[in-house]
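The values are calculated or read from the model by the stated rules, or taken from the named source; none is laboratory data. The structure displayed is predicted, hence computed values, not measured ones. Neighbour counts are summed over all protein chains in view; Cβ atoms, including those assigned to glycine, are modelled from backbone coordinates with ideal geometry. The protein model used for the area step is the full one, side chains on, heavy atoms only, and it has no ligands, DNA or RNA in it. Shrake-Rupley method; radii C 1.70, N 1.55, O 1.52, S 1.80 Å.
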Amino acid sequence: MREYTTDRIRNVAVVGHGASGKTSLVDALAFVAGSSKRHGSVKDGTSLTDYTPDEIDRKYSINLALAYAEWMDVKVNLLDTPGYLDFIGDAYAGLHAADGALIVVGSTAGVEVGTELMWEEAERRGLPRMFFVSMMDKEHANFEKAYLDIREHLTPRVIPIEIPVGEGLDFHGIINLFSKRCHQYKKGTKTGEYDEVDVPAGSQALFDKYSQELIERIAETDDKLLERYLGGEEISRDEALAAMQAGMARGELFPLLCGAAELTYGTRALLSKLVELMPSPASLPAVRAERWGSAEPVTIERTDDAPLVAHVFKTVSEPHVGDVTYFRILAGALRNGTDLFNAPRDVSEKLNHLSTTQGRDRTEVPMLHAGDVASVAKLKDTHTNDTLSTKAMPVVVPKVVLPEPLISLAVEVHQHGEEDKLSTSLQRLHEEDPTFHFEYVGELGQSIVRGRGERHLEVIIGRLKRKFGVSAELTRPRVAYRETFRGKGEGQGKHKKQTGGRGQYGDCWIRLAPLPRGSGYEFVDDITGGVIPNKYIPAVDKGIQEASQRGAIAGYPVVDFRAECFDGSYHDVDSSEMAFKMAGILAFRSVAERCRPVLLEPIMEVEVLTPEENLGEVMGDLSGRRGQILGTEPDGRLTKIRAFVPEAEMYKYSTQLHSITHGRGTFHAKFSSYQEAPPDVTAKVAAERKKEEEEKKK
Ligand SMILES: Nc1nc2c(ncn2[C@@H]2O[C@H](COP(=O)(O)OP(=O)(O)OP(=O)(O)O)[C@@H](O)[C@H]2O)c(=O)[nH]1
Ligand SMILES: [Mg+2]
């Protein structure tokens, strides 16, 4: 492979909603350019960038993957991102590593939730953006509708630079509005070949309308051009393209193209436009970094002579290879075998086997120039989001901001004794995918995994088995119930034992009373006249606290109450801290039952975004989960519902919402408070607890 200098590189993240055709497009682009040997297909499990077993089985992208197309002496790095929202962390990582975004919009589906999220993220990053209306050959394809959808929901500054000839089964050509020529595709073409012909008579009216719009829109972004245009002057193709590129760089214009990746129609024109309109890293402002240690801000030019800075945006552990690290060289030229420094981890890494990456295939290269994206295997201790730099100029660059987990499930190993292996393997999987988290929660006695959705966690469990040989399953997480009191009560706890020599004697009287929700625990020392010596009072407090960890209803910790110790007695010889602690325990146990104990359950504050048409069903489902709807309000094209829902009822909510809204609904839940559980729930929880206890005794 030839060397590509910084000005001959483009880094493009291909983003969009799930199943909009991104992976198929990346495959076709790399193939048509001649950089990939075969035209793969998602359906057959042969696509270039959906190459992991998980992806081949499921037929959708899970991981960010890298490919490239060499076109017009430029290497276009294509970052294929997953569209399913469960894997949005990788889509963010793709945008982080790119200098421009190609937003794919399905010709029948139009703008969807995933399209909006990607648009917003690209906007936040100030990335130049281009649209591609995909699958123009699909039945019911509608170019104009997709365009108007983008205009209405994403930006009025989108502007088609080509238009299709025919749609759906009749789709057979694309007119380029700059060259005023039509590409008529050869039926059965494998590599996007076409005959160049005049604009067909039947498309003339459409062509005139869009051409006019294009030139006006471009002229609007440039005063001089506008003046000339209004003066009746012709604007040349090159001038228009240059103005378009400048407009894109400023975030004022978003060109729209179209095609059908599976037929390779439109792929050549798209490649040319990616080269002509997307920025090269050489044209970008200097890299902003922070010097490690001093946090002093530094700027580093994106040239080969600059000190090397690379950002790791993804790591994947592969069987037989170990960890593969994907990184982007922000500054400096990188030679194979170079030692780089990972400053925050204080580790030197030798970059052997530096490779350009075409899907699963890696080709070793002797050197890479500033701006390129590549991979390397077998680094010692470098993970996603780390910066590699030099010892002479150790720096860190901003990280990809990763999304928070949305759901939690418990995980159980199938084979007893594999618990340790489970936790070390899950740690490795977390390093590979930092949007996945896990912890052992002692109170629940369960390992809890957290992620973006059930689909996400199922993929993790699959990897656990395939990569680490640990067979496990996802189960319902236990709920951290609490107990508290509704009423007051008082009583005695007396611990007295006489066994041969020195005995044990502790005696206390306590009062228990409820406190407002969230107040916690309070202890009041109301002893007068030294009926219990001062030195033993903390022991009573300790005993009450210990006993309160197991409440009267179902053995859950009791919260939000006050305990007053107001009377008691002691023995000169037999009393001890131990004995008074026992007295505290006994007192709590006997009084707690009389204070009308109740079960508290954790309540989540939930925000759901759903299309209006599913609103009724989504609300009905929330009510079925004992949800209390607080209100609804419009939120862009969707409706936002706010509700309180018991945590116990949120199990598998993401799957349910996905199914009701056909993947368009999203939700967010956070702990809000503990509330009294209704009697039937209390009875059920108490019965379950009793059963568990009995099983333990067996
Ligand atoms: N008719 C037609 N179907 C297409 C075309 N491109 C993709 N498809 C089909 O659309 C489906 C989704 O395509 P993908 O390329 O996997 O879409 P994606 O955007 O990568 O999907 P995610 O990875 O899940 O986000 C597959 O079944 C493809 O075969 C096309 O040009 N024409
Ligand atoms: Mg894909």
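Taking the inverse of the mean reciprocal distance over all distinct Cα pairs, the Kirkwood hydrodynamic radius of the range 1-157 comes to 15.7 Å.
Ranking Ser355, Ser659 by solvent-accessible area of protein heavy atoms (1.4 Å probe, all protein chains present), from largest to smallest, gives Ser659, Ser355.
Tell me, what is the FRET efficiency for His353 and Arg288 to the nearest 0.05, using R0 = 35 angstrom and their Cβ-Cβ distance as r?
Once the sixth-power term is evaluated, E becomes 0.70.
By definition, a body whose alpha carbon gyration tensor gives a ≥ b ≥ c is prolate when a/c is 1.5 or more and a/b is larger than b/c, and the chain fits this prolate description.
Dividing the summed helix terms, -39500 (n - 2.57) for each DSSP H run of n ≥ 4, by the number of residues in the chain produces a 222 nm estimate of -8500 deg cm²/dmol to the nearest 500. To put it simply, the accessible area of the range 75-182 at a 1.4 Å probe is 46 percent carbon and sulfur.
So, with a 1.4 angstrom probe, what is the percent of accessible area on the range 603-698 that is carbon and sulfur?
Ligands and nucleic acids excluded, carbon and sulfur reach 50 percent.
The mean sequence distance of close C-alpha pairs (under 8 Å, at least 6 residues apart), as a share of the length of the chain, puts its relative contact order at 9 percent.
Classify the range 38-117 as rounded, prolate or oblate, taking a ≥ b ≥ c as the square roots of the eigenvalues of its Cα gyration tensor: rounded when a/c is under 1.5, otherwise prolate if a/b is larger than b/c and oblate if not. It is rounded, given that a/c, with a ≥ b ≥ c, falls under 1.5.
Find, among the GluC sites (Glu not before Pro) in the range 380-465, those assigned to loop by DSSP (not H, G, I, E, B) with at most 12 other beta-carbon atoms within 10 angstrom.
Passing sites in the range 380-465 are Glu443.
Available extension along the chain between Glu431 and Asp635 is 70.0 nm, counting 0.36 nm per residue and deducting the alpha carbon span.
Which FRET efficiency value, to the nearest 0.05, is calculated for Glu607 and Tyr440 with the Förster distance at 30 angstrom and r the Cβ-Cβ distance? Working from the Cβ atoms, E equals 0.55.
Here the spin labels are modelled as points 7 Å beyond Cα on the Cα-Cβ line, and at Asp361 and Leu148 they lie 4.5 nm apart. On the range 207-300, 49 percent of the accessible area sits on carbon and sulfur atoms, based on a 1.4 Å probe. Under the simplified labelling scheme, the Lys684-Phe566 pair shows an inter-label distance of 4.0 nm, with each label point 7 Å from Cα along Cα→Cβ. Taking 0.36 nm per residue of separation and subtracting the Cα-Cα distance, full extension of the segment from Leu226 to Glu276 would add 15.8 nm.
Could you state, as a whole-number percent, how many of the C-alpha pairs of the range 548-698 are farther apart than 21 Å? It works out to 60 percent of all Cα pairs. Think of a 1.4 Å ball rolled over the protein heavy atoms: the chain then has 44 Å² of accessible area per residue. Please determine, in degrees from 0 to 90 and to the nearest 10, the orientation of helix 204-220 with respect to the longest principal axis defined by the Cα atoms of the chain, where the helix direction is its Cα long axis. Roughly 70 degrees, rounded to the nearest 10. Charged neighbours of Thr661, selected by a Cβ distance under 12 Å, balance to -4 (K, R count +1; D, E count -1). When Met367, Met135, Met278 are compared by accessible surface with a 1.4 Å probe, the order from highest to lowest is Met135, Met367, Met278. Count Lys and Arg as plus one, Asp and Glu as minus one, and take only other residues whose Cβ is under 13 Å from that of Tyr570; the net charge is then -2. A full extension of the chain between Asp420 and Glu693 corresponds to an added length of 95.7 nm, given 0.36 nm per residue minus the alpha carbon distance. Placing pseudo-labels 7 Å out from each Cα toward the beta carbon at Arg237 and Ala295 gives an inter-label distance of 5.4 nm.
Using a ≥ b ≥ c from the Cα gyration tensor of the range 272-332 (square roots of the eigenvalues), is it rounded, prolate or oblate, where a/c under 1.5 gives rounded and otherwise the larger of a/b and b/c decides, a/b for prolate? In terms of gyration-tensor shape, oblate. With a Förster radius of 35 Å applied to the beta-carbon distance between Thr5 and Thr46, the computed FRET efficiency rounds to 0.60.
For the range 170-268, relative contact order (Cα pairs under 8 Å, six or more residues apart, normalised by length) works out to 28 percent. Among the GluC sites (Glu not before Pro) within the range 609-688, not one is in coil by DSSP while having at most 13 neighbouring Cβ atoms inside 10 Å.
Quick check: the angle from helix 679-697's long axis to the longest principal axis of the chain, C-alpha only, nearest 10 degrees? Roughly 80 degrees, rounded to the nearest 10. Going by alpha carbons, how many degrees (0 to 90, nearest 10) lie between the helix axis of 113-124 and the longest principal axis of the chain? Relative to the chain, helix 113-124 is tipped by roughly 80 degrees.
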